[in-house]
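Have a look at this one.
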Amino acid sequence: MPVKNRFAELLPEITEWRRDLHRHPEILFETHRTSKVVADKLREFGCDEVVEGIGRTGVVGVIKGKTDSGKVIGLRADMDALPIHEQTGVEHASQTAGAMHACGHDGHTAMLLGAARYLSETRNFDGTVVVIFQPAEEGGGGGREMCDDGMMDRWNIQEVYGMHNWPGRPVGSFAIRPGAFFAATDLFEIYLEGKGGHAAKPQEVVDTTLMGSHLVTALQSIVSRNADPTKNIVVSVTSFETSSKAFNVIPQRVHIRGTVRTMDNEMRDLAEKRMGEIAAGVAATFGGTVKVDYQRNYPVMVNHETETEYAAEAARAVSGDCADAPLVMGGEDFAFMLEARPGAYILVGNGDTAPVHHPEYDFADEAIPAGCSWWAEIVERRMPAA
Ligand SMILES: [Zn+2]
Ligand SMILES: [Zn+2]
């Protein structure tokens, strides 16, 4: 079955919703307008239950099928934007300086709203659909907050599915992989302390800048010398700040920041352990002290085998094919929902656009019929009408 005709019909309307969301981006948990728009539309569609304020600003809608098998499937979209100043020049560009939908979550929200509308109209399934709209995917752990709020148990969700647009793939085409898919995204902060002083008297100081520079270099040995070369791991130092900006002062302190990306807990443990040892060793070598704060952020996002096949079958039904997706070293907050319940996460092509998180990125509205149809297919295939 190709794209459902109803979504071709609804395309102009869903596109308008998407562009309205794009004009009004909101960051992290501050999705107040977006959440209200979503909740109002779900009520307008005739959802059986609409609850706001799950995971702070998350929204949940419940749609019951014609019959009730007792099965409940969760469908999840993210709603938050990014702190990026938009440079697309499009008519529907962000009206908020310094904020934009640069990851296409406007498109995800609009597509799941489109599916909710169709499912509310047709109810051609045997069970219950829970549509999940989460805030704060971009680093805030909104998905974790919704799970911590008891969402999975409260609505007895048994399986959960997610989708992300993907620049570089043909519009509306799908790709997925079973098992580990998106990386664990840990954060680290390293505080080095030496002895500041006059830049012309190095013999009297403990130079934190030199110490920090050696540490940045040494940290790359985690990837090249400690990790199994057949495993996937990234260590990136992204910030190096000293406590002085003067030309003639050796700073007392250096603050280093960065991220570690891994695909399994063994690599995660290794990175944390070696980072502590290397930092202590470098600090001791140069006569300073160090404190390492390693923060475990999003876990590895793991697609469950069986549900990945269901997701791929639905994708093939919509667009005729479902490609094998590569590993992604980026993170995804949906990982928490896939830790709580079996499910799968799929990529839908955004065409030849700028990459996500780029100021010239825009969601491709042409992907809407395929994305909406995939949601509907999952529901109608997993809970076929009695
Ligand atoms: Zn993003
Ligand atoms: Zn995203």
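The values are calculated or read from the model by the stated rules, or taken from the named source; none is laboratory data. This is a predicted model, so every value here is computed, not measured. Heads up, the Cβs are rebuilt from the backbone with ideal geometry, glycines too, and the neighbour counts pull from every protein chain shown.
Among the residues of region 222-233, count how many are exposed (fewer than 15 other Cβ atoms within 10 Å of the Cβ) and touching a strand residue (DSSP E or B) at 6+ places or on another chain (Cβ under 9 Å). Even if it seems obvious, please write down each step before you answer.
Going through region 222-233, the residues exposed (fewer than 15 other Cβ atoms within 10 Å of the Cβ) turn out to be 224-225, 228-231.
Filter once more, so that each one left must be touching a strand residue (DSSP E or B) at 6+ places or on another chain (Cβ under 9 Å): 231.
Number of matching residues: 1.
Please determine, by comparing only the residues of region 110-145 that are part of a helix (DSSP H, G or I) and either within 16 Å of ligand 2 (Cβ to nearest atom) or outside the structural domain of E49 (by TED's automatic domain parsing) (or both), which one is surrounded by the fewest Cβ atoms within 10 Å (Cβ to Cβ).
Result: R144.
Something else about it: I'd like the full set of residues that are among the aliphatic types (A, V, I, L, M) and not in a loop (DSSP other than H, G, I, E, B), limited to region 57-109.
V59, V60, V62, I63, V72, I73, L75, A77, A81, L82, M100
Also, I was wondering about something else. Residues G104, G98, G46: which one is among the small types (G, A, S), modelled with pLDDT of 95 or more and within 16 Å of ligand 2 (Cβ to nearest atom)?
The conditions single out G104.
Name, by its number, the condition in (1) in contact with a Ser or Thr (Cβ under 6 Å, 6 or more places away or on another chain); (2) closer than 30 Å to V205 by Cβ; (3) basic (K, R) that does not hold for R268.
Among (1) in contact with a Ser or Thr (Cβ under 6 Å, 6 or more places away or on another chain); (2) closer than 30 Å to V205 by Cβ; (3) basic (K, R), the lone unmet condition for R268 is (2).
Here is a follow-up. Being over 23 Å from Y118 (Cβ atoms) and in contact with a Gly (Cβ under 7 Å, 6 or more places away or on another chain) is the filter here; which residues of region 24-74 pass it?
Across region 24-74, the qualifying residues are L28, F29, G55.
Within region 307-346, track down each residue that is under 22 Å from E380 (Cβ atoms), part of a helix (DSSP H, G or I) and of a type in the set (D, E, K, R).
Within region 307-346, E307, E309, E313, R316 qualify.
Right, next: Looking only at region 347-386, count every residue that is closer than 21 Å to H304 by Cα and in a loop (DSSP other than H, G, I, E, B) and tell me the total.
1
Of all residues in region 31-47, which are among the charged types (D, E, K, R) and without any contact (Cβ under 8 Å) to a residue 60 or more places away in the chain?
R33, K36, D40, R43, E44
Would it be correct to say that T15 is more than 24 Å from M151 (Cβ to Cβ) and among the hydroxyl-bearing types (S, T, Y)?
Taking the combined requirement at face value, the residue satisfies it.
Quick one: is H164 modelled with pLDDT of 95 or more, assigned to a strand (DSSP E or B) and crowded, with 19+ Cβ neighbours inside 10 Å?
yes
In region 7-56, which residues are assigned to a loop (DSSP other than H, G, I, E, B), under 17 Å from A110 (Cβ atoms) and under 18 Å from the mean Cα position of the chain (by Cα)?
So the first thing to find is which residues in region 7-56 are assigned to a loop (DSSP other than H, G, I, E, B), and the list is 24-26, 28-31, 46-48, 55-56.
Still in the running and under 17 Å from A110 (Cβ atoms): 24-26, 31, 47.
Result: P25, E26, T31.
Yes/no per residue for (1) in a helix (DSSP H, G or I); (2) buried (at least 18 other Cβ atoms within 10 Å of the Cβ); (3) of a type outside the set (V, I, T):
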residue: V160; (1), (2), (3): no, yes, no
residue: G168; (1), (2), (3): no, no, yes
residue: G172; (1), (2), (3): no, yes, yes
residue: F181; (1), (2), (3): no, yes, yes
residue: L192; (1), (2), (3): no, yes, yes
residue: A200; (1), (2), (3): no, no, yes
residue: L210; (1), (2), (3): yes, no, yes
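Quickly run through region 155-174 and pick out the residues that are over 30 Å from I54 (Cα atoms) and small (G, A, S).
Passing the criteria: G168, G172, S173.
Ok, one more. Being at pLDDT 95 or above and within 16 Å of ligand 1 (Cβ to nearest atom) is true for just one of P384, P355. Which residue is that?
From the options P384, P355, the qualifying one is P355.
Considering every residue within region 24-33, establish whether at least one is away from ligand 2 (no atom under 16 Å from the Cβ) and closer than 22 Å to E366 by Cα.
Yes, that holds for at least one residue.
If you go through region 137-170, how many residues are closer than 30 Å to D68 by Cβ, in contact with a strand residue (DSSP E or B) (Cβ under 6 Å, 6 or more places away or on another chain) and either of a type in the set (F, W, Y) or without any contact (Cβ under 8 Å) to a residue 24 or more places away in the chain (or both)?
Our first condition is that a residue be closer than 30 Å to D68 by Cβ; within region 137-170, this holds for 142-163.
Those left that are additionally in contact with a strand residue (DSSP E or B) (Cβ under 6 Å, 6 or more places away or on another chain): 142-143, 146, 149, 151, 155-163.
Going one step further and asking which of them are either of a type in the set (F, W, Y) or without any contact (Cβ under 8 Å) to a residue 24 or more places away in the chain (or both), we end up with 155, 161.
So the answer is 2.
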